[in-house]
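Visitor: I'd like to ask some things about the structure below.
Read-outs: derived from the displayed coordinates by stated rules, not from any lab. From a predicted model like this one, the values you see are computed outputs, not experimental measurements. Positions of Cβ are generated from backbone atoms using ideal geometry, with glycine treated the same way; all protein chains shown enter the neighbour counts.
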Amino acid sequence: MSSHPEPDDWSARVRDSLSGYTEALLRAVAAKLIKPRTNQPADDLVEKSVAALANPPVIDRRVKDLPPAARKLLALIGLSRQPRWKVGHLITLLASLGHAEGFAPVQAALEAGLLFPELNPLAPPLEEFADWLGQSGTLAAVAFAHPAVATRARGEDLGLPDLAGGGLEPPARQSDGLEWPLRLAAVWQQVHAGPVRLTQANTLFKRDQTRLQGDEVLNAPPADLPVVVPDPGALSLFWAAAAGLLGETDGELRANPFPVAWDAGLLNVLTQLFAALPLVEAWDPLAGYAPSEPGLSPFPSAGLLALLLLAGGGREPADRPRSQGPPAPPARPWVDPGAVAGWLWEHHPSWAGALPPAANTDRGRAWVEAFLFGVAYPLRLVEAAHADTSWVVRLSDLGRHLLAAGPEPVAPPVFPQTLLVQPNAEVLAYRQGLTPGLIGTLSRFARWKGIGPACTLELNPEQTYRGLEAGLTYPMILQTLARHGTRPVPPSVADLLQGWANKRERITVYASAVLVEFPTPADLDEAVARGVVSVRLTDRIGMTANGKEPGLSQLRLIGNRDYESKPQRCVTVGDDGVTLTVDAAQADLLLEAEIARYADPLPGDAPGGVRRFRIGPQSLRRAADLGLALSDIDVWFQDRTGAPLSPAGRLFLLGRQLPPPTAGRRLVVQFPTPEITDGVMQWPETRMLVAERLGPTAVVVEEDALEAFRRVMAEVGLVLS
């Protein structure tokens, strides 16, 4: 499901694989790859082995030392442009070429350090390659070659026959190469609107399968040759995942940002899509969506061989300088798809068995035609022609470049003005001006309605919102439509887009931001005037418009904060329990928003620019209205001041919830010590006469009990004055 990484990542993959070997296996591989003369540490062997894969002379010598079958193995990987292959597919490819040695050629390349296993990082170190194959299984084990190695091995002769016919020169037809990029963009858009869930067996749920089969855009007939492939939506989905447009997360396929390669031109994108084809296994040119459980799908191996058979055996060395030697061979004669099917029928070990029973009559010709004309032709890998009563095929200029060491093809001309925006918010896109980069941009904010000679899109609120969420802005959308439009954007459409953008842009989300707090609002005004910051968040806090770091050289920094750490204690509560003083050196920018929930700023700063706030009944009632309980307020005060809410604050917050106080006249008797008061409260003769104890030395006596209380106290020598 995953696409191959960028070239810089493959050295890291090689390093990870070598690090997963036992020391004995690592030294055995390094002995063949770099041939160290001394006993070097294992880490040095890993780094020198990785470095050797960037040395063309070393690669050429090591490839030459391999057995013929292993050299062809690397050549097949190089010609496919896909570094990652299941071992079962590699063995199938070699068996088709007449090498029935099974795992032996793969093991020879592994032992030479020119092929590497994908290892489970949690597994113990690998002792033998046969153990890895046994643990992973031939059907699931994946091996990869560094692209630098695979590129050097492309010139190996595969021994394929020349199937070209003679005496035919019908007019050639070539696709514009946009058919599959358009369909992959449409399925990307569909997944962007709603992820596709996968079962534990990595297959589609019935709901998503029906959703793909019912999509009118994905299932529209092709714009050129009348060859309709089955389940084009499923093919588009898995192809998009293999090409990196979709990614798998927690059992769901989700839309990734469009790869940067889509801005690099059509031929580059077609090459990337060709390289992703071997990773598509759940689709078949005749059966459509066809999960390959429990065996291997023949599609990756048979599809590659079908294209290689069009190249025959006449490939130039991949490293021949363009300025030396004879020029690239001219376009090869036409090939009958039946000849390709006949060769696969006789040589591919599993392809014929996977075909429906009706294939016995044409030896799989229908499968080959569906693949060549339904997949390879729209991908601009082959040209087609109608000869007599049937179609014939040959490699195109791009196909010869990829599969027969032909020269790099000339990029097609670009016509920037290709869009017609209509007043009803529909967009007409003429194919001759479309590029993968423009397709990717349009897919972010306009919904594809039809794919044909002239494609149609629709501007609607939902898709516009998704584009804005992905980082586009209203000016960027309008600029795209105006720059590529054959006519100005109708004012009604511009107003629609502006209205949708205004609704969405009320909230702006920045993936990262640097907030700058200024001591006074006047300092923020000065920074805005100088262009240091441009977005005002509060009267003291600002940030740049794009959320990036401002020019800090123009600021005098007095501190910075790590907002992933625990909040700092930066507020002091005054003796009155209601005045809060902020320590500017310890405060962070979040305090500004937090403290406003509980307190109001005092007018005018204290000396030195110190900020002060005051809590009161209204401010704490505001916090309660926000749903904050006393426990929540206590937590904030504990974090910011080191103590819970003050007693005065509790008075403001809880006063309305308590019973009303009472007022009355009382006689208070004050004793000289707390011990005497304790005795009065303990002796039954006096305790019965005391109404309430008020404190350590004071009690309340009712007026009608005063004389009795006086007589009892006189008995112990205490005379009330």
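Visitor: Taking only pairs that are 8 or more places apart or on different chains, how many Lys pairs in the chain have Cα atoms under 26 angstrom apart?
Guide: Pairs that pass both the separation and distance tests number 16.
Visitor: What percent of all Cα-Cα pairs in the chain falls into each 20 Å bin, going from 0 up to the bin containing the maximum distance?
Guide: 13, 32, 26, 15, 8, 5, 1, 0
Visitor: By how many nm would the segment from residue 228 to residue 663 lengthen if fully extended, with 0.36 nm per residue of separation less the alpha-carbon distance?
Guide: Working: separation 435, 0.36 × 435 = 156.60 nm, distance 9.41 nm.
Once the chain is fully extended between residue 228 and residue 663, it gains 147.2 nm.
Visitor: In the stretch 688-721, which GluC sites (Glu not before Pro) are in a loop and have at most 16 other Cβ atoms within 10 Å, using DSSP for the loop call? Walk me through the numbers on the way to the answer.
Guide: Numbers: sites: 692, 702, 703, 707, 715; in loops: 702.
Passing sites in the stretch 688-721 are 702.
Visitor: For the stretch 571-657, report the % of Cα-Cα distances exceeding 15 Å. Can you show the working numbers first?
Guide: Values: 2075 of 3741 pairs.
More than 15 Å apart: 55 percent of the Cα pairs in the stretch 571-657.
Visitor: Another question, then. Rounded to two decimals, what ratio of Rg to Rh does the stretch 419-504 give with C-alpha atoms and a Kirkwood Rh?
Guide: Numbers: Rg = 11.7 Å, Rh = 12.7 Å.
Dividing the radius of gyration by the Kirkwood radius yields 0.92.
Visitor: Moving on. Could you list the GluC sites (Glu not before Pro) in the stretch 134-218 that lie in coil according to DSSP, counting only those with at most 16 other Cβ atoms within 10 Å of their Cβ? Don't skip to the answer; put the middle values down first.
Guide: Numbers: sites: 156, 179, 216; in loops: 156, 216.
Here the GluC sites (Glu not before Pro) that fit, given the DSSP loop and packing criteria, are 216.
Visitor: Can you compute the modelled spin-label distance between residue 673 and residue 386, with each label point 7 Å from Cα toward Cβ, in nm?
Guide: Between residue 673 and residue 386, the simple spin-label model gives 12.3 nm.
Visitor: Give the distance, in whole Å, between the Cα centre of the stretch 31-106 and the Cα centre of the stretch 421-446.
Guide: With the stretch 31-106 and the stretch 421-446 each reduced to a Cα centre, they are spaced 45 Å.
Visitor: Is the shape of the stretch 141-209 rounded, prolate or oblate, going by the alpha carbon gyration tensor and its root eigenvalues a ≥ b ≥ c, with a/c under 1.5 for rounded and a/b larger than b/c for prolate? Could you put the intermediate results ahead of the total?
Guide: Numbers: a/c = 2.54, a/b = 1.46, b/c = 1.74.
Cα axes put the stretch 141-209 in the oblate bin.
Visitor: Right, next: Expressed in nm to one decimal, what extension gain is obtained for the pair residue 692 and residue 535 from 0.36 nm per residue of sequence separation less their Cα-Cα distance? Can you show the working numbers first?
Guide: Working: separation 157, 0.36 × 157 = 56.52 nm, distance 6.34 nm.
Stretched out fully, the residue 692 to residue 535 stretch lengthens by 50.2 nm.
Visitor: R0 = 35 Å: FRET efficiency of residue 528 with residue 626, Cβ-based, nearest 0.05?
Guide: On the way: r = 30 Å, r/R0 = 0.87.
So the FRET efficiency works out to roughly 0.70.
Visitor: Inverting the mean 1/r over all pairs of different Cα atoms, compute the Kirkwood radius of the stretch 7-152 and quote it in Å. Show your work: numbers first, answer last.
Guide: Working: mean 1/r = 0.0661 Å⁻¹.
Every distinct Cα pair counted, the radius reaches 15.1 Å.
Visitor: Using a Förster radius of 45 Å, what is the FRET efficiency between residue 720 and residue 650 based on their Cβ-Cβ separation? Nearest 0.05, please.
Guide: On the way: r = 38 Å, r/R0 = 0.84.
FRET efficiency, residue 720 to residue 650: 0.75.
Visitor: Cut-off 14 Å, label point 7 angstrom out along Cα-to-Cβ of residue 104: give me the residues of the stretch 65-89 whose amide nitrogen falls inside.
Guide: Output list for this probe position: 67-71.
Visitor: So what is the 222 nm mean residue ellipticity for the chain from helices alone, if each DSSP H run of at least 4 adds -39500 (n - 2.57) and you divide by all residues, rounding to the nearest 500 deg cm²/dmol?
Guide: On the way: 30 runs with 288 residues, N = 721.
Helix contribution divided over all residues of the chain: -11500 deg cm²/dmol.
Visitor: Right, next: Expressed in nm to one decimal, what extension gain is obtained for the pair residue 11 and residue 48 from 0.36 nm per residue of sequence separation less their Cα-Cα distance? Walk me through the numbers on the way to the answer.
Guide: Numbers: separation 37, 0.36 × 37 = 13.32 nm, distance 1.14 nm.
Gain on stretching residue 11 to residue 48: 12.2 nm.
Visitor: As a footprinting exposure proxy, order 37, 487, 693, 365 by other Cβ within 10 Å, with the fewest listed first.
Guide: Working: 37 6, 487 11, 693 15, 365 20.
Ordered from fewest to most neighbouring Cβ atoms within 10 Å, 37, 487, 693, 365 come out as 37, 487, 693, 365.
Visitor: Can you compute the radius of gyration and Dmax for the stretch 667-715, using only the Cα atoms, both in Å?
Guide: 9.6, 26
Visitor: At what distance in nm do the modelled label points of residue 176 and residue 38 sit from each other, each positioned 7 Å from its Cα along Cα→Cβ?
Guide: 6.4 nm
Visitor: Can you give the FRET efficiency to the nearest 0.05 for residue 199 and residue 710, using r as the Cβ-Cβ distance and R₀ = 56 Å? Kindly include the intermediate steps, with their values, before the conclusion.
Guide: Numbers: r = 93 Å, r/R0 = 1.67.
Efficiency, rounded to the nearest 0.05: 0.05.
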